[in-house]
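Asker: After the structure tokens below, expect a handful of questions from me.
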Amino acid sequence: MSGRAAAHLLGLLKGAPPAPEVTAPTERRIEGIRTRRSRNIDRRDSAVFRLIPVTSVARTLVDLAAILPLDDVARACHEAGVLHRTSPAQVEAVLARRPNNPGATKLRRVLRGEVHVTLSKLERRFLELLRGAGLALPQTNRAVGGRRVDCRWRDQQLTVELDGYRYHSSRHAWEQDRRREREARARGDEFRRYTYGDVLEHPRLMLQELRGLLPRHRPA
């Protein structure tokens, strides 16, 4: 299984399941199934998920980048990190094996956090509050030291993590949160953690704190 169908199976894309899509070394036509022929399927790009042969998470992201808009690619990358702990380095390894992939530039922009792409209601609201307060905007979902952080202001050396309950309710998520904080402080960053309540219910105190840490935003 590959393409959108693989992404849906792996939890990278939400919504109604797409039509089955299969990549195989020989060409076969089966009604109701989209098939692709690929004689050289690298073993590193294949996996088994729920007993179904499927393209690896990293390879699936590379395939999606060639066919989906930027925001959808960003959300798929986010889900890959949350659900499968997929790292930017793993995706880069696939891109290195597929240098002519038409979505490579788009995917690297997401991996490096070079565009403001919001992935959740919590993050969208956080950026809206910053704009409304006239504060400088961060780089979002950027890999720093091999790990993605929610928001970072490089010049001000400030890292902010936004904790929604969905992604931070397990022991593994709790451990990862503390590791991100230690890593931020180790690179010399100020570190702040804001919850759903801080952002969507009682933002005044959060903004008051950020005004003391951030410069005013100058529109282009």
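Asker: Out of the residues in the stretch 90-106 that are over 9 Å from VAL62 (Cβ atoms) and not charged (D, E, K, R), state the one that is nearest to the chain's Cα centre (by Cα).
Answerer: Residue satisfying both the conditions and the ranking: GLN90.
Asker: Any idea how many residues of the stretch 47-79 are open to solvent by less than 20 Å² (accessible area, probe 1.4 Å), among the hydrophobic types (A, V, I, L, M, F, W, C) and assigned to a loop (DSSP other than H, G, I, E, B)?
Answerer: Going through the stretch 47-79 one residue at a time, the tally reaches 1.
Quick grid of which residues meet (1) among the acidic types (Asp, Glu); (2) in contact with a Gly (Cβ under 7 Å, 6 or more places away or on another chain):
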{"residue": "THR35", "(1), (2)": "no, no"}
{"residue": "ALA65", "(1), (2)": "no, yes"}
{"residue": "ALA76", "(1), (2)": "no, no"}
{"residue": "GLU79", "(1), (2)": "yes, yes"}
{"residue": "HIS84", "(1), (2)": "no, no"}
{"residue": "ALA93", "(1), (2)": "no, no"}
{"residue": "LYS106", "(1), (2)": "no, no"}
{"residue": "LEU129", "(1), (2)": "no, no"}
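Asker: Hey, another quick one. Would you check if there is a residue in the stretch 87-103 being in a helix (DSSP H, G or I) and closer than 23 Å to LEU137 by Cβ?
Answerer: Scanning the stretch 87-103 turns up at least one residue that is in a helix (DSSP H, G or I) and closer than 23 Å to LEU137 by Cβ.
Asker: Moving to a separate point now. Quick one: ARG44 ticks every box in (1) over 17 Å from the mean Cα position of the chain (by Cα); (2) surrounded by fewer than 15 Cβ atoms within 10 Å (Cβ to Cβ); (3) assigned to a loop (DSSP other than H, G, I, E, B) bar one, so which box is it?
Answerer: (3)
Asker: Whether any residue in the stretch 156-169 is out of contact with any strand residue (DSSP E or B) (no Cβ under 8 Å at 6 or more places or on another chain) and modelled with pLDDT of 85 or more is what I want to check.
Answerer: Taking every residue of the stretch 156-169 in turn, none turns out to be out of contact with any strand residue (DSSP E or B) (no Cβ under 8 Å at 6 or more places or on another chain) and modelled with pLDDT of 85 or more.
Asker: Suppose we filter GLU21, GLU31, GLU114 for residues that are of a type in the set (D, E, K, R), modelled with pLDDT under 95 and under 27 Å from TRP153 (Cβ atoms); which single one remains?
Answerer: GLU114
Asker: Same structure again: For the stretch 91-107, state whether one or more residues are small (Gly, Ala, Ser), surrounded by fewer than 20 Cβ atoms within 10 Å (Cβ to Cβ) and within 19 Å of ARG147 (Cβ to Cβ).
Answerer: For the stretch 91-107, residues small (Gly, Ala, Ser), surrounded by fewer than 20 Cβ atoms within 10 Å (Cβ to Cβ) and within 19 Å of ARG147 (Cβ to Cβ): present.
Asker: Looking at the stretch 184-198, which of its residues are in contact with a strand residue (DSSP E or B) (Cβ under 7 Å, 6 or more places away or on another chain) and assigned to a helix (DSSP H, G or I)?
Answerer: ALA184, ARG185
The values are calculated or read from the model by the stated rules, or taken from the named source; none is laboratory data. All of these numbers come straight from a predicted model, not from anything done at the bench. With ideal geometry, Cβ positions are generated from the backbone for all residues, glycine too; neighbour counts draw on all protein chains shown. Just so you know, the surface numbers come from the protein's heavy atoms only, side chains and all, with ligands and any DNA or RNA stripped out. Shrake-Rupley method; radii C 1.70, N 1.55, O 1.52, S 1.80 Å.
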